[in-house]
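Working notes, structure below.
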Amino acid sequence: MLGFNKEETQAQIRSAIALRPEIEKTVAFIEERGYDNIYFIGAGGTYAAVLPYELYFQAHSTLPVRAAIGKELMLAQDAAFGERSIAVFTSISGTTEDVLEAIEFAKSRGAYTIGFTGYDDSPFARAVDCPIISAPKTWFDVQLLLFTTGVLSRRGEFDDYEAFADELTHLPDAIVAAAERAEPIAEAFARKHADTDYYFVVGAGNLWGYAYLYSMCVLEEMQWLRTTRVHGAEFFHGSLELIEKDTALLLFKGEDQSRPLMDRVENFAVKYSDDVTTIDTRDYALEGVSERFRPFIGPMVIDAVTHRFSKHLEAVRGHSLDLRRYYRVVEY
């Protein structure tokens, strides 16, 4: 597989799963401390990636939970954000300036800050009240799932926490299997789209965040490709007018309540475009994961599959995923 290390990927996921006791301890601590609301705060990809967890709380809980863009929260503020708030952050590098500023802002408002990262000596880890450290480059979905379902469980709003958390041990093999199944699909997609410079990326429900992320943080930032990212429910309120026979559409279809929205988009797209690619989480076996828990794992499946797309686009276009013109290169 192109640019893929099976053992490293499995080890990263296991590293996240191994944090279960620490995350459960943290959830117990904030319950004892007391809180009125939870904010998932990020910038760019770290904002997009927490959108599913905001949605899970909305679906299962009466607790006020918000996903917020740090820079906007600092300027527009929020009357509910303060000493009775829990602020959750993630950072792969541990050095993202917008996130570091948001942490300092949260602490200045009295919020208790929790941070997931892979670098214990980073500015990020030193800034938060409660750093939870995994192996470098570990995916944060496992940690965020354990945190979210752990909080819901303690509130009496998720009865299946133990069974769900136990099943996460199957993810190292299940996610690698999904990546392996996607490999020929990704290679064919990249070869077909070596010269494509404009994409529609559409998602809904708990996959909307990854549609947002893949459009902005990968296709735009890492490949300098033009995209339109649109929510599946909003697609029919303007965006559909741009679809032509040669318009490239990349659709993310999950298994949560939003699936009918993406069915509708797909039915329209294949009628008016000859270039529609659907990544459907239902196509991936996820051995060991119960049917009732599959929707929770959807974002991880999309992450694994689109990573294969990214590596093949990088190869056929001769454009490194690490190349930047402006981001962290110039002052802005």
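Step by step: first the residues of the range 6-35, then only those that are over 21 Å from the mean Cα position of the chain (by Cα) and assigned to a loop (DSSP other than H, G, I, E, B), then the one that is surrounded by the fewest Cβ atoms within 10 Å (Cβ to Cβ). Which residue is that? Result: G34.
Would you check if D78 is acidic (D, E) and assigned to a loop (DSSP other than H, G, I, E, B)? Yes.
Conditions tested, residue by residue: (1) open to solvent by 10 Å² or more (accessible area, probe 1.4 Å); (2) within 24 Å of H170 (Cα to Cα); (3) part of a loop (DSSP other than H, G, I, E, B).
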{"site": "W208", "(1), (2), (3)": "yes, no, no"}
{"site": "V218", "(1), (2), (3)": "yes, no, no"}
{"site": "F235", "(1), (2), (3)": "no, no, yes"}
{"site": "F252", "(1), (2), (3)": "no, yes, no"}
{"site": "F268", "(1), (2), (3)": "yes, no, no"}
{"site": "E287", "(1), (2), (3)": "yes, yes, yes"}
{"site": "M300", "(1), (2), (3)": "no, yes, no"}
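Only one of the numbered conditions (1) at pLDDT below 95; (2) closer than 24 Å to A135 by Cα is not met by T113, and that is (1). The residue of the range 302-332 that is nearest to W139 (Cα to Cα), among those that are surrounded by 14 or more Cβ atoms within 10 Å (Cβ to Cβ) and of a type in the set (A, V, I, L, M), is A304. When the range 144-156 is filtered for residues that are touching a Phe, Trp or Tyr at 6+ places or on another chain (Cβ under 9 Å) and open to solvent by 40 Å² or more (accessible area, probe 1.4 Å), the ones remaining, listed by number, are S153, R154.
The set of residues from the range 105-117 being under 30 Å from T169 (Cα atoms) and surrounded by 23 or more Cβ atoms within 10 Å (Cβ to Cβ) comprises I114, G115, F116, T117.
Scanning the range 302-319 for any residue that is at pLDDT 95 or above, out of contact with any Cys (no Cβ under 8 Å at 6 or more places or on another chain) and not in a helix (DSSP H, G or I) turns up at least one such residue. Applying the criterion of being under 15 Å from the mean Cα position of the chain (by Cα) and β-branched (V, I, T) to the residues of the range 36-60, the residue that is most open to solvent (accessible area, probe 1.4 Å) is T46.
Restricting attention to the range 191-233, the residues that are of a type in the set (D, E) and touching a residue at least 12 places away in the same chain (Cβ under 8 Å) add up to 2.
Residue count for the range 176-195, restricted to those that are surrounded by fewer than 18 Cβ atoms within 10 Å (Cβ to Cβ) and in contact with a strand residue (DSSP E or B) (Cβ under 9 Å, 6 or more places away or on another chain): 2.
Somewhere in the range 83-104, is a residue in a helix (DSSP H, G or I), touching a Ser or Thr at 6+ places or on another chain (Cβ under 7 Å) and open to solvent by 30 Å² or more (accessible area, probe 1.4 Å)? Within the range 83-104, not a single residue is in a helix (DSSP H, G or I), touching a Ser or Thr at 6+ places or on another chain (Cβ under 7 Å) and open to solvent by 30 Å² or more (accessible area, probe 1.4 Å). Beta carbons closer than 7 Å, at least 6 apart along the sequence or on distinct chains, pair a first residue in the range 45-66 that is touching a residue at least 24 places away in the same chain (Cβ under 8 Å) with a second that is among the β-branched types (V, I, T) and assigned to a helix (DSSP H, G or I) for T46/V99; Y53/T148; Y56/T148; F57/T148. The listed residues are D120, D173, D141, D159, and the only one of them that is within 17 Å of R294 (Cβ to Cβ), out of contact with any Gly (no Cβ under 6 Å at 6 or more places or on another chain) and open to solvent by 40 Å² or more (accessible area, probe 1.4 Å) turns out to be D173.
If you go through the range 220-233 and pick out every residue that is among the aliphatic types (A, V, I, L, M) and buried (at least 22 other Cβ atoms within 10 Å of the Cβ), you end up with 1. Based on this model, can you work out whether L63 counts as over 20 Å from E221 (Cβ atoms), part of a loop (DSSP other than H, G, I, E, B), under 22 Å from the mean Cα position of the chain (by Cα) and modelled with pLDDT of 95 or more? Answer is yes for this residue. All of S239, S273, S258 fail the test of being open to solvent by less than 30 Å² (accessible area, probe 1.4 Å) and within 17 Å of T196 (Cα to Cα), apart from S273.
The values are calculated or read from the model by the stated rules, or taken from the named source; none is laboratory data. Being a predicted model, the structure only gives us computed values, none of them experimental. Glycine gets a Cβ as well: all are built from the backbone with ideal geometry, and neighbour counts include every protein chain shown. Ligands, DNA and RNA are stripped out before the accessible areas are found, and what is left, the full protein with its side chains, is counted by its heavy atoms. Shrake-Rupley method; radii C 1.70, N 1.55, O 1.52, S 1.80 Å.
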